[in-house]
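Right, one structure below, let's go through it.
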Amino acid sequence: MGSRGYGMSQSGIRADATGGDASTLTGRCLCGAVRYRCGPLLYPATWCHCTSCRRASGTTPVGWFTVAIDSLIWLGDAPSSIGSSPGVERRFCAICGSPVTYWSERRPQEIDLTLGSLEEPDRVTPVDHIWMADAPRWDRPRDGLPQYPGLRP
Ligand SMILES: [Zn+2]
Ligand SMILES: [Zn+2]
């Protein structure tokens, strides 16, 4: 993915209403065993419609945001992992199964996190749809955002 002018703030994150560091994001899985802190965003967030995300989450699309891997700190249990494709590691809570991260050896210094795991999901808004070539017929967004057959051009 590339960073472009999507008309968002530089970090892509809205100010934190609680007065904390505006670039810090926190999240957790459903049961709360896995917790994290990370940020700031490296790119605007996206909706991914790929087959692997669909199977890993049980639904489609999956919202993702990206941070520097060094910024991610696990606050609770470390999540379990599965190699979903060559060079790709997906992490999820071993207890409740919530998908939490996606990492690829093609972008080793970055890590993607699920929008749905954020404590305050309204702080990050996806700007486009990727991997529409994999989307089932019933998965056709009408939100006006750009749709790409694969990765961002
Ligand atoms: Zn959990
Ligand atoms: Zn995907």
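The values are calculated or read from the model by the stated rules, or taken from the named source; none is laboratory data. Since the structure is predicted, the reported quantities are computational estimates derived from the model, not experimental observations. Ideal geometry is used to build each Cβ from the backbone, glycine not excepted, and the neighbour counts take in all protein chains shown.
Results, tabulated for the structure shown:
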{"read-out": "Those residues of segment 53-67 which are buried (at least 22 other Cβ atoms within 10 Å of the Cβ) and within 14 Å of Asp134 (Cα to Cα), in sequence order", "value": "Cys53, Pro61, Val62"}
{"read-out": "Selection from segment 85-102 of residues that are surrounded by fewer than 18 Cβ atoms within 10 Å (Cβ to Cβ) and out of contact with any Phe, Trp or Tyr (no Cβ under 8 Å at 6 or more places or on another chain)", "value": "Ser85, Pro86, Gly87, Ala94, Ile95, Cys96, Gly97"}
{"read-out": "Segments classed as strands (runs of 3 or more DSSP E), wholly inside segment 2-67, with at least 2 members that are farther than 15 Å from Arg152 by Cα, modelled with pLDDT of 95 or more and more than 16 Å from ligand 1 (Cβ to nearest atom)", "value": "35-38"}
{"read-out": "All positions within segment 116-153 that are within 16 Å of ligand 1 (Cβ to nearest atom) and assigned to a loop (DSSP other than H, G, I, E, B)", "value": "Glu119"}
{"read-out": "Residue list for segment 19-66, restricted to those being among the basic types (Lys, Arg) and within 16 Å of ligand 2 (Cβ to nearest atom)", "value": "Arg54, Arg55"}
{"read-out": "Options Asp128, Asp112, Asp143, Asp122: the member that is surrounded by fewer than 13 Cβ atoms within 10 Å (Cβ to Cβ) and either within 15 Å of the chain's Cα centre (by Cα) or of a type in the set (Ser, Thr, Tyr) (or both)", "value": "Asp122"}
